[in-house]
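Comments concern the structure below.
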Amino acid sequence: MKKKSYRILVTGGSSGIGFDVAKTLAQAGHTVFAAARRVELMEPLREFGVTPLRLDVCDEAAIDECLAAAGQIDVLVNNAGFGYFGAIENVSMEEARRQLDVNVFGLASLCKKVLPGMRERGFGRIINVSSVAGRVAMYFGAWYNVSKFSVEALSDALRMEVKPFGIDVVLIEPGGIKTDWGIIAAKHLKESSAGTAYEEVALREAAVLHNGYSSNFLSSPSKVTRAIVRAVKARRPRARYLTGAFARTMVFWHAVLPARWWDACSRILSSPKLAKFSEKLK
């Protein structure tokens, strides 16, 4: 990267990680555009110098309008995404495709549209917010895992393709971050499992998710923000930034444990006793 101040687009800027990232980067002196479907939720960012823009990453026309309003983009932070949890048997293909549309294809569309300008200028940085779920499968999180594993593969391939043009591609892999993500995922898990053969265990898993994300044991969004800021500032950024509660622990044990042991540990987390214990975390 050749400059100290960049024009940066942050997607998913209406809450959580995206909101905090946009605010922090603007305070650091960058020209920042925060994009999301609900523009009104980003209005508070104006006081920090952030420009809110409407964006639905699944809508090509909306992407074009957003990028036209933002102009030249030096750094793209692909943060928009969501998780719909449920057994593979229970989650509709419509919901599965929607998750992939937002988390993978929307991200890919934005990458494709900013790359020509970055290539022409000879520099640029694409920062894709993945998840520890892109490295480790989660109980009842199959389609979310599929989307995040895809982001990992897409980013690895893209990094090799665009490096000769002076463009860096970085993966941010958060672990447990205290946002509404887990609350929403738990709600979806209960909805998708109601009246099915998976309902009993899914309700316990949903309780663990909800209680965990309501506790103070998880990292704040600022933990991820710091990793993204490092990726923006670094002369030679790392390919991956693994950050947040339990991220390194989960990746380590997933790598060293036999698959059967890992599966058993994942199921134990949804046992009646641990589900009940999770109530104490709130």
**Request:** With an 8 Å cut-off on Cα pairs and a minimum separation of 6 or more residues, tell me the relative contact order of the chain in percent.
**Result:** 18
**Contact order relative to length of region 20-165, as percent, for alpha carbon pairs under 8 angstrom and 6 or more apart** = 21
**Request:** Using a cut-off of under 20 Å, list every residue of region 112-154 whose amide N is near the label point 7 Å from the Cα of ILE268 along the Cα-to-beta-carbon line.
**Result:** 136-141
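From the mean inverse distance of alpha carbon pairs (Kirkwood) and the Cα radius of gyration, derive Rg over Rh for region 72-182.
Numbers: Rg = 14.8 Å, Rh = 14.6 Å.
Across region 72-182, the Cα-based Rg/Rh ratio is 1.02.
Kirkwood Rh over Cα pairs of region 68-121 into Stokes-Einstein at 37 °C, 0.692 mPa s: D in µm²/s?
Working: Rh = 13.1 Å.
Estimated via Stokes-Einstein, D reaches 251 µm²/s.
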**Complete:** If amide H atoms are modeled at 1.01 Å from N in the peptide plane, then the residues at a separation of 5 or more from VAL169, or on another chain, having amide H under 5 Å from its own are ILE126
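Show me the ranking of peptides 116-125, 247-256, 172-181 by mean Cβ neighbours inside 10 Å, starting with the highest.
On the way: 116-125: 15.7, 247-256: 14.1, 172-181: 21.6.
By packing density, highest mean first, the sequence is 172-181, 116-125, 247-256.
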**Debye-sum result for region 118-224 in log10 I(q)/I(0), which assumes one identical scatterer on each alpha carbon, at q = 0.13 Å⁻¹** = -0.60
**Computed P(r) (all Cα pairs; region 191-246; 10 Å bins; percent)** = 20, 29, 23, 20, 8, 1
**Relative pair counts by distance (%), Cα atoms of the chain, 5 Å bins** = 1, 6, 12, 17, 19, 17, 12, 8, 5, 3, 1, 0
**Prompt:** Per-residue ellipticity at 222 nm for the chain, helices alone: DSSP H runs ≥ 4 residues times -39500 (n - 2.57), over residue total, nearest 500 deg cm²/dmol?
**Reply:** -15000 deg cm²/dmol
**Prompt:** Tilt of helix 181-193 relative to the longest C-alpha principal axis of the chain, in degrees (0 to 90, nearest 10)?
**Reply:** 50
**Request:** Quickly work out the GLU60-to-VAL229 label distance, labels modelled 7 Å from Cα along the C-beta direction, and quote it in nm with one decimal.
**Result:** 3.9
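Take peptides 193-204, 126-137 and line them up by average Cβ neighbours within 10 Å, highest first, as a rough protection proxy. Write down the numbers at each step before the final one.
Details: 193-204: 16.2, 126-137: 24.0.
Taking the mean over residues of other Cβ atoms within 10 Å, the ranking is 126-137, 193-204.
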**Asked** Which whole number of Å³ per residue matches the convex hull of the alpha-carbon atoms in region 13-69?
**Response** 66
**Fill in**
If amide H atoms are modeled at 1.01 Å from N in the peptide plane, then the residues at a separation of 5 or more from THR243, or on another chain, having amide H under 5 Å from its own are GLU173, GLY175
**Item:** Distance histogram for region 1-151 (every C-alpha pair counted, 10 angstrom bins, percent rounded to whole numbers)
**Value:** 12, 39, 33, 14, 2
**Message:** Taking θ = phi - 60°, what integer Hz values does the Karplus form 6.51 cos²θ - 1.76 cosθ + 1.60 yield along region 251-267, in sequence order, with x for Gly and Pro?
**Reply:** 5, 4, 5, 5, 6, 9, 7, x, 4, 5, 5, 4, 4, 5, 4, 5, 6
**Asked** With labels modelled as points extended 7 Å from the Cα through the Cβ direction, what inter-label distance (nm, one decimal) is found for THR249 paired with ARG121?
**Response** 4.1
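Out of region 27-78, which trypsin sites (Lys or Arg not before Pro) are coil in DSSP terms and have no more than 14 other C-beta atoms within 10 Å? Present the calculation step by step, with values, prior to reporting the outcome.
On the way: sites: ARG37, ARG38, ARG46, ARG54; in loops: ARG37, ARG38.
Taking region 27-78 and a limit of 14 other Cβ atoms within 10 Å, the loop trypsin sites (Lys or Arg not before Pro) found are ARG38.
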**Prompt:** How big is region 30-117 in terms of Cα radius of gyration and Dmax, in angstroms?
**Reply:** 14.7, 46
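Work out the length of the dipole vector of region 109-166 about its Cα centre, built from +1 on the beta-carbon of each Lys and Arg and -1 on the beta-carbon of each Asp and Glu, and round it to the nearest 20 debye. Could you put the intermediate results ahead of the total?
Values: 9 positive and 4 negative charges, 37 e Å.
Here the size comes out at about 180 debye.
Rounded to the nearest 0.05, what FRET efficiency is calculated for ARG236 and SER15 with R0 set to 35 Å and r the Cβ-Cβ distance? Please report the intermediate quantities before stating the final value.
Working: r = 31 Å, r/R0 = 0.90.
Here the calculated transfer efficiency is 0.65.
Throughout, read-outs are computed from the coordinates displayed, never taken from laboratory work. The model shown is predicted, which means the values in this text are computed figures rather than measured ones. Note that each Cβ is placed from the backbone with ideal geometry, even for glycine, and that neighbours are counted across all protein chains shown.
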